[in-house]
Every structure is written in C-alpha cells, then in structure tokens.
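Student: Have a look at this one.
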C-alpha cells in the first residue's frame, strides 16, 4: 500500500552525514494572531512518500495549497529513478534483508516568505504516476488565537 506524510515546521536544516534537523515543528495546528492576511518569513513542509518495491514510482508531482486557495502555492516535480533501477535496488536489499522492501521518496518544500490569506488548512498533495487524483499527504490547520 502506498502512503505519505508531512512534517510541517519553521525551518529544515541539512546536517553533517545527510541528516535533517526540523526546527519549530507543528503538531496539527498553527496558532497565529487574528490579523489576516499574514506573512511568515519562512515555512517548510518535509514530504515522505512510501510505496512497495513491487509498485515503483514513475513520476511524482507535489503541490501545496494555502487555506482557501484553489491553485497551488507551489508545484514541484520530483526526480524519480527509472522503475527498473528502483526494482534493482529493492532486489539487492531483499537479498540482504530477506524482507519486503519499500521505496521512499522525500522532498522538502521551503517557502520564504509564505503569505497566508485566511485561516484554514495548508494542504500538501501528490500526483503520482500521472493519476489525476491528488493524494492528500498532509494538512496543517492555521487558526487565529
């Protein structure tokens, strides 16, 4: 089964050893002053998509929508390895691990600045393998406090 998730935060930093550090992570909601529109100096969404090795990705397009927006704030095409290369890597891992293998695609979306016009959901969606149905990968509620 394919699935995905997002980590929403104020910043993402690349560390030594290809590690990531997420700064100021949100837990389901972002509480802001009750004055809209508002501008965040920086906002990030780290997206992770997982698929079984038997169903490799051919293409992935990530889209991020602001609250009440019908057009995406950003539309990002991810570069995916050719399906046969994904299968080759999965087979090699299976030989060593003797277990089912998943293929993971990940990307960081960085907005600097990000304008939020009204309260509501920031949503990240993925278009996978050209399927016109956008898969909801994650959402964050923006609420006035």
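Student: Just name the residue that is nearest to residue 109 (Cα to Cα) out of those in segment 39-60 that are under 14 Å from the mean Cα position of the chain (by Cα) and surrounded by fewer than 16 Cβ atoms within 10 Å (Cβ to Cβ).
Tutor: Among residues in segment 39-60 that are under 14 Å from the mean Cα position of the chain (by Cα) and surrounded by fewer than 16 Cβ atoms within 10 Å (Cβ to Cβ), the one nearest to residue 109 (Cα to Cα) is 48.
Student: Which residue out of 14, 27 is within 15 Å of residue 139 (Cβ to Cβ), within 19 Å of the chain's Cα centre (by Cα) and free of Cβ contacts under 8 Å to residues at least 12 places away in the same chain? Outline the logic, then answer.
Tutor: Numbers: 14 fails: within 15 Å of residue 139 (Cβ to Cβ).
Just a single option satisfies the conditions, and that option is 27.
Student: Looking at segment 3-23, is at least one residue on the phi < 0 side of the Ramachandran plot, part of a loop (DSSP other than H, G, I, E, B) and surrounded by 12 or more Cβ atoms within 10 Å (Cβ to Cβ)? Please lay out each step first, then the result.
Tutor: Residues of segment 3-23 on the phi < 0 side of the Ramachandran plot: 3-16, 19-23.
Of the ones still in play, those that are also part of a loop (DSSP other than H, G, I, E, B) are 16.
Those still in the list that are surrounded by 12 or more Cβ atoms within 10 Å (Cβ to Cβ) too: none.
Among the residues of segment 3-23, not one is on the phi < 0 side of the Ramachandran plot, part of a loop (DSSP other than H, G, I, E, B) and surrounded by 12 or more Cβ atoms within 10 Å (Cβ to Cβ), which makes the answer no.
Student: Can you tell me which of (1) surrounded by 13 or more Cβ atoms within 10 Å (Cβ to Cβ); (2) touching a strand residue (DSSP E or B) at 6+ places or on another chain (Cβ under 7 Å); (3) in a loop (DSSP other than H, G, I, E, B); (4) at pLDDT below 95 is the one residue 105 doesn't meet?
Tutor: Just one mismatch for residue 105, condition (3).
Student: What residue, of 50, 61, is at pLDDT below 95, part of a strand (DSSP E or B) and under 30 Å from residue 100 (Cα atoms)?
Tutor: Details: 61 fails: at pLDDT below 95.
Within the list 50, 61, the selection yields 50.
Student: Name the one entry in 69, 97, 79 that is modelled with pLDDT under 95 and either surrounded by 15 or more Cβ atoms within 10 Å (Cβ to Cβ) or within 13 Å of the chain's Cα centre (by Cα) (or both).
Tutor: Details: 97 fails: either surrounded by 15 or more Cβ atoms within 10 Å (Cβ to Cβ) or within 13 Å of the chain's Cα centre (by Cα) (or both); 79 fails: either surrounded by 15 or more Cβ atoms within 10 Å (Cβ to Cβ) or within 13 Å of the chain's Cα centre (by Cα) (or both).
Every option except 69 fails the conditions.
Student: Consider residue 71 against the criteria (1) in contact (Cβ under 8 Å) with a residue 12 or more places away in the chain; (2) under 21 Å from residue 142 (Cβ atoms): it satisfies all of them except one. Which criterion is unmet?
Tutor: (1)
The values are calculated or read from the model by the stated rules, or taken from the named source; none is laboratory data. Just so you know, these numbers come straight off a predicted model, no measurement behind them. Positions of Cβ are backbone-derived with ideal geometry, glycine not excepted, and every protein chain shown enters the neighbour counts.
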